[in-house]
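K.L.:
Quick one: the structure is below, questions incoming.
Derivation of every value follows stated rules applied to the coordinates shown; laboratory data play no part. Owing to the predicted nature of the structure, the values given are computational and were not obtained by experimental measurement. Positions of Cβ are backbone-derived with ideal geometry, glycine not excepted, and every protein chain shown enters the neighbour counts.
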Amino acid sequence: MQSREHAPSTDEIARVIGAGAEGPKDHRLGLRHIPFVSAILLLVGWAVWQFSGSATARPQYLTTPVQRQLLEIRVSATGHLEPTDEVEVSSELSGIIREVLVDENDSVKAGQSLARLDTEKLEAEIAQARAALARARASVRQARSTLEDAERERTRALELFKSRSNTARDVEQAESASTRAQAGLKMAEADVAVATATLEARETDLEKACICSPIDGVVLTRNIDTGQTVASSFQAPVLFTVAEPLNQMELQVDIDEADVSLVKPGQEARFTVDAYPHRSFAARLTKLRLAPETIEGVVSYKAQLRVDNQELLLRPGMTASAEILVSRTPNALVIPNQSLRFQPLTEAETQSSGPEGSLLDRMLPRPPRSESHGTDERTQVTDEQTRVWVLDPSDSARAVPVTVGLSDGERTEVVGGELAEGQLVIVDERAAESE
């Protein structure tokens, strides 16, 4: 609302410059203050002219039309490239490395030897276990022969007892000897089983002396050299790091908790790395973990994206900046975000510069209005009721309630309200000019 400002009265001017109704008592003192009084009068005259001239000024609005166009909403995230599967190869045995068969960046197959331990001690233990097994088997044969003799003696004793050629005590002694022989045979057979297990354990250790690759892939790191000693008493040392072939990789990024509701598996993404700043790479989101990660009070969720790396340009550990496409509307009704932040002068602000204001209020400029009336541009809020200002045919601002959807940081989708395509929405207000 506009109003005309009145010119200051003589009494107001007199109060400002400090002149009394009786006039100066000293004529010479008044002459001395003439330059100062003249400057005050010029300042007051300029202020009166300035404010009276703006009384008939009209605001000028900057507008933009409501449009229908493609609106893509993307969530930004950063992370690192990793192999799809990475295995740390260790040694279960302690010993001296006799031979290293591969180097970093070498391609390997599952079961291929990477390094070998010195096996002299293991081979001696295997020979000892084989000898123990042979002795146990001989003991079984001996126990079986003893059992056969005991069985024959027991049978003979029973026949003699029937013919009354011996006593019952002789039969009992023969039966006891047979029972002892059966137990001895079982003990010998158990010794064979123990010796067999010991031999198999020693042969297994000999097989483990060959440090082999568990998967098909490429050697990323090698932490051992020929002649070094491996001690795996308390913790198995990592000798090699083997990753699956790098033609398929995985991008792990951190999704902010404010955006996690928009991100879903199957969405497409594009990312860049510092090594190729002018090229973007395609990816697809495959998994969003439920477990949160909190770093310095910031909560995020780890997302995994599958990356096709057939050109082998990407390497593990590269830092990537990704943008995940979470929404794509081909024919969205959009308005600029500046229109959501714009607020014209309120009626109270207009009245404060009217006739009721004092001369000092009209002389001193008002502080500028804040330009921030909206929320963060990157905040994705759906179905939020707000209002924008449109320009009527009479060049006056009118508030229109609207329901907004997602925003890409520059434009916001209008999903409800009275706005139509081509209608002018106000985005800014210029300084008023006098008519």
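K.L.:
Go ahead and run the numbers for FRET between residue 180 and residue 87, Cβ-Cβ distance against an R0 of 51 Å, rounding to 0.05.
P.N.:
Result of the calculation: an efficiency of 0.35.
K.L.:
I would also like to ask the following. Report the FRET efficiency, 1/(1 + (r/R0)^6), for residue 396 and residue 67, where r is their Cβ-Cβ distance and R0 is 22 Å, rounded to 0.05.
P.N.:
Efficiency at R0 = 22 Å is approximately 0.45.
K.L.:
Only sites in a loop by DSSP and with at most 10 other Cβ atoms within 10 Å count here; which trypsin sites (Lys or Arg not before Pro) in the stretch 86-153 make the cut?
P.N.:
109
K.L.:
For a bin width of 10 Å, list the pair-distance distribution of the stretch 155-302 built from all Cα-Cα distances, rounded to whole %.
P.N.:
8, 15, 16, 14, 12, 8, 8, 7, 6, 5, 1, 0
K.L.:
Follow-up question, since we're still on this one. How far apart, in nanometres, would the label points at residue 187 and residue 105 be if each is projected 7 angstrom from Cα along the Cα-to-Cβ direction?
P.N.:
For the pair residue 187/residue 105, the computed spacing is 6.6 nm.
K.L.:
Let me ask something additional. Given a cut-off of 21 Å, name the pairs among 264/302; 162/186; 109/208 whose C-alpha atoms lie farther apart than that in the structure shown.
P.N.:
Going by Cα-Cα distance, 162/186 fall outside the 21 Å limit.
K.L.:
Over all distinct alpha-carbon pairs, what is the Kirkwood Rh of the stretch 79-204 in angstrom?
P.N.:
About 19.9 Å for the stretch 79-204.
K.L.:
Which order do peptides 77-90, 263-276, 242-255 fall in by mean Cβ count within 10 Å, highest first?
P.N.:
242-255, 77-90, 263-276
K.L.:
Between 119, 163, 145, whose Cα lies farthest towards the positive end of the dipole of the stretch 119-207 when Lys and Arg beta carbons carry +1 and Asp and Glu beta carbons carry -1, centred on the Cα centre?
P.N.:
Towards the positive end, the residue furthest out is 163.
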